[in-house]
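Okay, so here's the structure we're looking at.
The values are calculated or read from the model by the stated rules, or taken from the named source; none is laboratory data. Quick caveat: nothing in here was measured; it's all calculated off a predicted structure. Cβ placement follows ideal geometry from the backbone for every residue including glycine, while neighbour counts extend to all protein chains displayed.
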Amino acid sequence: MEFGNVIRARFSARAFKAEQVPEPVLARILDLAQCTPSWCNTQPWELVITRGRATERLREALYAHARSGAAPAPDFPFPAAYEGIYRDRRKVCGVQLYQSLGIGKDDRAAAAEQSLENFRCFGAPHAAILTTEEKLGPYGLLDCGLYLQSFMLAAVDAGVDCIAQAALASYAPFLREYFSIPTHRRIVCGLSFGYAERSAAINGYRTERAGVDQSVRFVDI
């Protein structure tokens, strides 16, 4: 695709077909993502990717862990607060998501159940866990964010859909033990991917973006 179409076509898919991504397609996505720039070319990103039955086993184990009442323990702190315009944008996004499923704003039980679908990876055939090197600090984290965007856009170009999931990182100790991830690797986020079920209502809504004038300030003198 032309780049402008790729970046506009990307969305967070929350319902997937069972079909696996063919190995040559996944190899191309990973090869393109590897071109991501990084501080001093450190390339701190590492991925654990599940395929086939491994995704099903992870889905079952992670969902059970989330339902058990285990306390969240992310490697990186989640936002301390959403205030002002950030609170407003978050609220609109949540309302749109639940409206697409017919969940009312006061139906907290249904909203909680939908939130738990994160830990089923929304039915995606593949899950990925993205990690960075602890001692590289915030710049290693930034580099991994760039890699994540590269991966998702390369996926869109290949006809593959994704959703980046901070929710999975909320159970970092569980994932570290499950995948035998070394303690010096910090878990950034999860990523579920495959082929979106386009007929699913939850895949039909799109979030809006603020105008450039709300994000950029030019200085000419």
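What the table shows:
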read-out	value
Residue in region 194-215 that is without any contact (Cβ under 8 Å) to a residue 60 or more places away in the chain, loosely packed, with under 10 Cβ neighbours inside 10 Å and within 23 Å of residue 139 (Cβ to Cβ) present	yes
Out of 87, 120, sole residue that is over 29 Å from residue 28 (Cα atoms), outside any loop (DSSP other than H, G, I, E, B) and of a type outside the set (Val, Ile, Thr)	87
Where a residue in region 12-31 is among the charged types (D, E, K, R) and its partner, wherever it lies, is assigned to a loop (DSSP other than H, G, I, E, B), with Cβ under 7 Å and at least six apart	17/195; 17/197; 19/125; 19/195; 28/158
Those residues of region 160-184 which are over 21 Å from residue 71 (Cβ atoms), touching a residue at least 60 places away in the same chain (Cβ under 8 Å) and not hydrophobic (A, V, I, L, M, F, W, C), in sequence order	161
Test result for residue 30, in contact with a Cys (Cβ under 8 Å, 6 or more places away or on another chain) and in a helix (DSSP H, G or I)	no
Unique match (being in contact with a strand residue (DSSP E or B) (Cβ under 8 Å, 6 or more places away or on another chain) and modelled with pLDDT of 95 or more) among 76, 119	76
